[in-house]
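Report on one structure; see the data block that follows.
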Amino acid sequence: MGKQATSWNTLQKKRWTLMILSLFTLLTLTFFFFTRSAFNSCNSTDHFQAQIQSASQTSSSGPNPLGFMKSKLVLLVSHELSLSGGPLLLMELAFLLRGVGAEVVWITNQKTAQADDGVIYSLERKMLDRGVQVFSAKSQKAIDTAMKADLVVLNTAVAGKWLEGVLKENVKQVLPKVLWWIHEMRGHYFKLEYVKHLPFVAGAMIDSHTTAEYWKNRTRERLGIKMPETYVVHLGNSKDLMEVAEDSVAKRVLREHVRESLGVRDDDLLFAIINSVSRGKGQDLFLHSFYESLHLIQEKKQQVPSVHAVIVGSDMNAQTKFETELRNFVLEKKIQDRVHFVNKTLTVAPYLAAIDVLVQNSQARGECFGRITIEAMAFQLPVLGTAAGGTMEIVMNGTTGLLHPIGKEGVIPLANNILKLATHVERRLTMGKKGYERVKDIFLEHHMSQRISFVLKQVLRKAMS
């Protein structure tokens with residue numbers, strides 16, 4: 001009892017931990033969750049690659065590497081404002097720039113039919129509270145800002161429609177100071193109406209080498225255009241997330257809270273996929289693999305704790321056709337006591353503290369990067385990921401996790417990998433520790449700031465010339 005009191009006294013002294021806990025508790029009680037979603041920048045040439053890698057190895061101490069952006073006017077153009085990865089990454093950049101005294105203006109180009117007004121209001125309020133100005137995309141203020149800005153960042157390929165649709169005859173004056181941040185991996189984004197101005201901007205920033213190569217080849221072969229100077233930008237974990245990940249008391253409390261809400265015991269094994277529920281994220285194939293792994297455990301008569309699957313990212317209100325398929329599969333296979341659906345959440349830390357293994361099962365070309373992967377590694381979790389896209393640039397197969405093929409061919413390999421980590425505790429823990437070390441080496445916020453600073457300096461230099 002005395003030990004518990006001491007732990008809580010320690011916890012109360014940590015204001016940020018209490019804030020996380022209170023927020024998470026509120027979300028849990030109301031069942032209203034939001035979803036959330038660095039820069040290992042490197043240029044396509046060996047020369048830039050070496051310079052950016054050198055910059056990323058700089059110590060976190062010393063002046064902020066983005067300090068040169070003080071008083072600079074930056075316009076951020078997002079294709080939408082939602083809790084998906086692209087807009088949240090752009091918001092993170094906005095806050096980093098505000099942190100060094102840059103003047104930051106945000107515009108959202110379009111509002112989709114599926115847009116959540118409550119989410120939009122909440123995110124805009126969050127930006128306004130941090131000193132980010134929010135303008136209407138088609139307003140004269142937005143056009144005036146674009147004309148006098150030191151830097152314009154277009155976020156995603158779709159944001160390209162704003163250039164001609166709003167700027168019109170002013171496009172050519174703005175292009176030389178545009179940095180185009182691209183996250184897409186799907187073929188339907190390769191349309192001239194989106195990217196016809198791409199060759200004329202100051203630079204393109206892409207989340208992984210795989211995606212950069214894909215865009216280079218695809219734009220040339222399909223559209224007959226050439227990519228501008230391109231920088232590959234791996235993401236990094238925020239200081240706030242790392243503080244939680246490295247605090248054993250906070251993690252223990254979060255773990256107990258989440259597991260209690262899910263109705264699982266402390267020694268149960270939780271394999272979780274944390275992504276918005278959609279076919280491209282592979283929740284269906286994960287559930288097939290999970291079901292197969294239960295059979296393997298039974299067939300091999302393995303003595304393991306109770307194994308559970310957690311799907312974080314569903315929508316209890318929308319109940320899409322795909323999610324209905326997932327839930328029907330669970331009922332059909334009679335594994336509803338082993339599978340837990342959790343609604344979309346902006347707060348991933350509690351779940352990362354509560355689970356034992358992250359599954360990153362994105363299909364087709366995989367994730368462009370996969371922010372949740374490095375977040376899980378910060379919590380010393382091994383990762384079971386598809387051998388595609390940015391995941392292959394994060395996960396060291398056999399060291400920080402295990403990779404499996406995409407598609408139906410990956411169902412049995414993933415099932416076997418679930419079995420391996422369920423039955424080998426030491427291997428699971430060692431992989432988690434190795435993943436944490438990798439995060440500390442290259443996926444922290446100060447790495448991100450160092451490398452993004454190099455990219456911004458290059459773009460600003462071109463804009464001035």
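Which condition breaks for GLY160 when tested against (1) part of a helix (DSSP H, G or I); (2) over 29 Å from THR230 (Cα atoms); (3) touching a strand residue (DSSP E or B) at 6+ places or on another chain (Cβ under 9 Å)?
With respect to (1) part of a helix (DSSP H, G or I); (2) over 29 Å from THR230 (Cα atoms); (3) touching a strand residue (DSSP E or B) at 6+ places or on another chain (Cβ under 9 Å), GLY160 is out only on (2).
Considering each residue of the stretch 221-252, count those that are open to solvent by less than 60 Å² (accessible area, probe 1.4 Å) and within 30 Å of ILE297 (Cβ to Cβ), and give that number.
2
Could you tell me whether the stretch 84-101 includes any residue that is in a loop (DSSP other than H, G, I, E, B) and buried (at least 19 other Cβ atoms within 10 Å of the Cβ)? Step through it out loud before you land on a result.
In the first step, residues of the stretch 84-101 are kept if they are in a loop (DSSP other than H, G, I, E, B); the result is 84, 100-101.
Remaining after also requiring buried (at least 19 other Cβ atoms within 10 Å of the Cβ): none.
Looking through the stretch 84-101, none of the residues is in a loop (DSSP other than H, G, I, E, B) and buried (at least 19 other Cβ atoms within 10 Å of the Cβ).
Quick check on my filter: what residues within the stretch 314-368 are part of a helix (DSSP H, G or I), open to solvent by 60 Å² or more (accessible area, probe 1.4 Å) and closer than 30 Å to TYR214 by Cβ?
Selection gives LYS321, GLU325.
Taking the stretch 191-214 as the search range and keeping residues that are open to solvent by less than 30 Å² (accessible area, probe 1.4 Å) and over 20 Å from GLU164 (Cβ atoms), which one is modelled with the lowest pLDDT?
So the residue we want is ASP207.
Can you report the number of residues in the stretch 437-465 which are under 14 Å from PHE68 (Cβ atoms), touching a helix residue (DSSP H, G or I) at 6+ places or on another chain (Cβ under 8 Å) and either open to solvent by 50 Å² or more (accessible area, probe 1.4 Å) or not in a helix (DSSP H, G or I) (or both)?
Total meeting the criteria: 1.
Since GLN302 meets every condition but one in (1) in contact with a helix residue (DSSP H, G or I) (Cβ under 9 Å, 6 or more places away or on another chain); (2) outside any loop (DSSP other than H, G, I, E, B), which condition does it not meet?
Among (1) in contact with a helix residue (DSSP H, G or I) (Cβ under 9 Å, 6 or more places away or on another chain); (2) outside any loop (DSSP other than H, G, I, E, B), GLN302 violates only (2).
Give me the pairs: first residue in the stretch 73-97 and of a type outside the set (A, V, I, L, M, F, W, C), second residue open to solvent by less than 10 Å² (accessible area, probe 1.4 Å) and part of a strand (DSSP E or B), beta-carbon distance under 6 Å, and six or more apart or on different chains, which are they?
SER78/ASN155; GLY86/ASN155; PRO87/SER78
Quick check on GLU80: is it in a helix (DSSP H, G or I) and not hydrophobic (A, V, I, L, M, F, W, C)?
So GLU80 fails the test.
Are any residues in the stretch 382-429 touching an Asp or Glu at 6+ places or on another chain (Cβ under 7 Å) and not in a helix (DSSP H, G or I), and if so, which ones?
Within the stretch 382-429, GLY389, GLY390 qualify.
For the stretch 369-381, name all the residues that are part of a helix (DSSP H, G or I), open to solvent by 10 Å² or more (accessible area, probe 1.4 Å) and modelled with pLDDT of 95 or more.
GLU375
Would you confirm, using the coordinates I've provided, whether VAL174 is of a type in the set (Val, Ile, Thr), open to solvent by less than 10 Å² (accessible area, probe 1.4 Å) and in a helix (DSSP H, G or I)?
Criteria met by VAL174.
Does TRP215 satisfy being hydrophobic (A, V, I, L, M, F, W, C), touching a Pro at 6+ places or on another chain (Cβ under 9 Å) and within 26 Å of GLY370 (Cβ to Cβ)? I'd like the intermediate steps shown before the answer.
Values: hydrophobic (A, V, I, L, M, F, W, C): yes; touching a Pro at 6+ places or on another chain (Cβ under 9 Å): no; within 26 Å of GLY370 (Cβ to Cβ): yes.
For TRP215, the condition - hydrophobic (A, V, I, L, M, F, W, C), touching a Pro at 6+ places or on another chain (Cβ under 9 Å) and within 26 Å of GLY370 (Cβ to Cβ) - is not met.
Which of the numbered conditions does ILE182 fail, given that it passes all the others? Conditions: (1) among the β-branched types (Val, Ile, Thr); (2) modelled with pLDDT of 90 or more; (3) open to solvent by 10 Å² or more (accessible area, probe 1.4 Å); (4) closer than 24 Å to GLU367 by Cα.
(3)
With the condition kept exactly as written, say whether any residue in the stretch 292-312 is in contact with a Ser or Thr (Cβ under 6 Å, 6 or more places away or on another chain) and either polar (S, T, N, Q) or open to solvent by 50 Å² or more (accessible area, probe 1.4 Å) (or both).
Yes - at least one qualifying residue is present in the stretch 292-312.
Check the stretch 118-137 and report whether any residue there is modelled with pLDDT of 95 or more, open to solvent by less than 10 Å² (accessible area, probe 1.4 Å), over 20 Å from ARG371 (Cβ atoms) and not hydrophobic (A, V, I, L, M, F, W, C).
No; the residues of the stretch 118-137 include none that is modelled with pLDDT of 95 or more, open to solvent by less than 10 Å² (accessible area, probe 1.4 Å), over 20 Å from ARG371 (Cβ atoms) and not hydrophobic (A, V, I, L, M, F, W, C).
Could you tell me which residue of the stretch 144-171 is nearest to ALA94 (Cα to Cα), considering only residues that are at pLDDT 95 or above and surrounded by fewer than 19 Cβ atoms within 10 Å (Cβ to Cβ)?
Top of the filtered list is ASP150.
The values are calculated or read from the model by the stated rules, or taken from the named source; none is laboratory data. Here the structure is a predicted model, which means the values were calculated and not measured. Neighbour counts are summed over all protein chains in view; Cβ atoms, including those assigned to glycine, are modelled from backbone coordinates with ideal geometry. Surface areas here come from the heavy atoms of the whole protein model, side chains and all, with no ligands, DNA or RNA. Shrake-Rupley method; radii C 1.70, N 1.55, O 1.52, S 1.80 Å.
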